[in-house]
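Bear in mind these aren't lab numbers, they're just calculated from the coordinates by the rules spelled out. Treat the numbers as computed from the prediction; the structure is a model and nothing was measured. A quick note on method: Cβ atoms are made from the backbone with ideal geometry, for glycine too, and the neighbour counts reach across all protein chains shown.
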Amino acid sequence: MAASMRRRATVSLPAFAGHIGDRIIHNFNTYEDYLDSQITANDLFYLEDVDLARQLVELGYRSNAEIMTRDQFINLKEDAEQAHSQALAEREHIVRQGKMAVSSNKPYGHFLTGNNM
């Protein structure tokens, strides 16, 4: 009986690790945009205040889904921007070393962003 009452220890990832967090930060420019995506027309009709509706979403009163906090959003956004900047710097370094040729009528910056198709 004691063994059946014991809970199994589980290892879990942070709530917004991986694809879920990536999708959120790429789809929304600001935290307010993210919160607004959780608000319905009915919410605005009854509450008559978008700031109040955002607060309710942020506090988790809008749904049972876990809501990303402002700090989580900002940290993920900064991490993504840093990773993007690092990738651009690495690509520029390769181009400057001559290991990647750039010959086209497209601007040089186009090649640095990886959109060279």
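Observations, loosely collected:
- The phi torsions of region 78-90, fed into the Karplus equation with coefficients 6.51, -1.76 and 1.60 and a -60° offset, translate into couplings of 5, 4, 5, 5, 5, 5, 5, 4, 5, 5, 5, 5, 5 Hz, rounded to whole numbers, with Gly and Pro shown as x.
- For region 60-77, Karplus couplings with θ = phi - 60° (6.51, -1.76, 1.60), whole Hz, Gly/Pro x: x, 7, 7, 7, 7, 5, 6, 9, 5, 7, 4, 4, 4, 4, 4, 5, 5, 5
- Approximating the spin labels as points 7 Å out from Cα along Cα→Cβ, the residue 80-to-residue 92 distance works out to 2.2 nm.
- Sorting 78-90, 24-36 by average packing, meaning the other beta carbons within 10 Å per residue, from highest down gives 24-36, 78-90.
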